[in-house]
């Protein structure tokens, strides 16, 4: 139980005014006009307003003391998290020489009048180099056949069958090999083909462009396709993922790009015969590089040492983002410049250890204190810079917060021009930005952390530590180990900041960086001998068929859309459930509950019928007959699927 913070003085404005008026007959009996029009009453209200402000500040004292207590036991509010986005730089034309975009390039939003633009900074150098083609391979049901081609992939003997099976079979593929990695490149693929691969929808051909990431084939995003599914002369624009590793195929080692024939969706046509390619030319038209919502500062002097223990200095900008290699404090004295080492605290620091502590939230750099013990001995915890030594921070980044979660296509303003770069944009929204932890949240988390320390013992410990591992974790569920000593399973629901109506199954997949971060965080805190597996819940698709009556005069289209939106929010791992905090684990779904939900939708007069269907989120099909109740396993959550609502 958390002890409530006391309210030192609960008087409000009107209480102070009434109290002052009650004292008038005692101290000034000749004052008889107590109406609002009296100037004296106006003065009383003025002083009451000022007193209320003072009392408000006084009542913040318990919060400050609570925060100081948490700091004493090593619990501090979390600093803000930085948003990240992939920035795509587009060349002004196809070039024969590499183009370099330096690391630290700033790109911002086009700020509106009266508002500050949101600035992102690239994390590494981007090199946009012309691809060097080496080989081509076609594959038929697992059988590889090597093709002899020229540098520009032009076939002298006419055209080449892209998918060699007859009839064409899903899984057939064609591979293009390159000398160097194409990671992050924007490829301009010029195709000359004859219209032989008939039978497909040219706007949505069943093709997947993929590259080898080192562990699996990952999909390239098709930004533009004017070839009609490789059936006519045109241009394909492909966005290669940031991972592209070499692979040996048919005795040839290279960096491979493949186009693979997919199984068409239900009701969609496929090729009757394979596309015939006469030539394919691949060039680079841009590149993608990761960026973060942060500003970089280099070589900032933060003061001079006076030789005392426990001295502190403050950087010019805060909060400070987690440090990377090369971001540290440098002390310059008569012996030269020395980089000191950052530590979490001075517990293990000796008198000659060049250690410092940097508070990310406030930007305060602190050097080692002198500690006196019960026997009278004094120990210096961490070295102290010499008197007169200059203290500077080599590099640091500041920023972060939810303001960095900008939408797609909003980061378009280059901080400085780069030769041959025409424009820049973020093709996907920026994600990951979270504001600093509030005092109220820290007060709630603090006692929980003190009770269990930083060890994962109970299921609640695993869930709490998983949520603390990253701001990208929205929910966590721990399934206890089996009696045979199996691993502890932790199910993670990632943070998704788009509208619930747009959520798909793939949105809930855990990214590799997030998975590694959670596993590392739990591995440091698990008990010796225990094993931990991190995964995702099983998402049970639910499709609802409902017949509702609209209030007379309300448009049926509007009522239908509101009903579908309400179902999407309610049957959601993040926003669903009775309390809107996400659908609970182990909670079944029944038609009566949904009827009550739909009756509360604005514009719905009554609900005539509600049917529940289990839904396969991969094949996008309903499973079985309608049900009144759908039960949920302990490791599952509901996810809204294709709903059908009829409004009468």
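Some points to look at:
- All told, residue 330 falls short of being touching a residue at least 60 places away in the same chain (Cβ under 8 Å), in contact with a strand residue (DSSP E or B) (Cβ under 8 Å, 6 or more places away or on another chain) and more than 28 Å from residue 378 (Cα to Cα).
- Any chance residue 76 is modelled with pLDDT of 70 or more, in a loop (DSSP other than H, G, I, E, B) and touching a helix residue (DSSP H, G or I) at 6+ places or on another chain (Cβ under 9 Å): yes
- Test: residue in the range 360-368 that is farther than 27 Å from residue 397 by Cβ and in contact (Cβ under 8 Å) with a residue 24 or more places away in the chain: no
- Residues of the range 376-403 satisfying the condition of being outside any strand (DSSP E or B), at pLDDT 90 or above and touching a strand residue (DSSP E or B) at 6+ places or on another chain (Cβ under 8 Å): 381, 382, 383, 384, 385, 386, 388, 389
- For residue 81, the conditions (1) over 23 Å from residue 473 (Cα atoms); (2) at pLDDT below 85; (3) touching a strand residue (DSSP E or B) at 6+ places or on another chain (Cβ under 6 Å) are fulfilled apart from (1).
- All of 494, 500 fail the test of being closer than 22 Å to residue 642 by Cβ, within 22 Å of the chain's Cα centre (by Cα) and surrounded by 19 or more Cβ atoms within 10 Å (Cβ to Cβ), apart from 500.
- The conditions of being surrounded by fewer than 17 Cβ atoms within 10 Å (Cβ to Cβ), in a loop (DSSP other than H, G, I, E, B) and at pLDDT below 90 are not met by residue 274.
- Restricting attention to the range 440-471 and to residues that are modelled with pLDDT under 85 and in contact with a strand residue (DSSP E or B) (Cβ under 7 Å, 6 or more places away or on another chain), the residue that is farthest from residue 634 (Cα to Cα) turns out to be 471.
- Among the residues of the range 323-353, those that are on the phi < 0 side of the Ramachandran plot, within 35 Å of the chain's Cα centre (by Cα) and surrounded by fewer than 11 Cβ atoms within 10 Å (Cβ to Cβ) comprise 325, 344, 347.
- Matching entry among 87, 70, 65, 91 (being modelled with pLDDT under 80, surrounded by 17 or more Cβ atoms within 10 Å (Cβ to Cβ) and under 36 Å from the mean Cα position of the chain (by Cα)): 70
The values are calculated or read from the model by the stated rules, or taken from the named source; none is laboratory data. Values in this document were obtained by computation on a predicted structure and should not be read as measured data. Cβ sites come from the backbone with ideal geometry, for glycine too, and all protein chains shown count toward neighbours.
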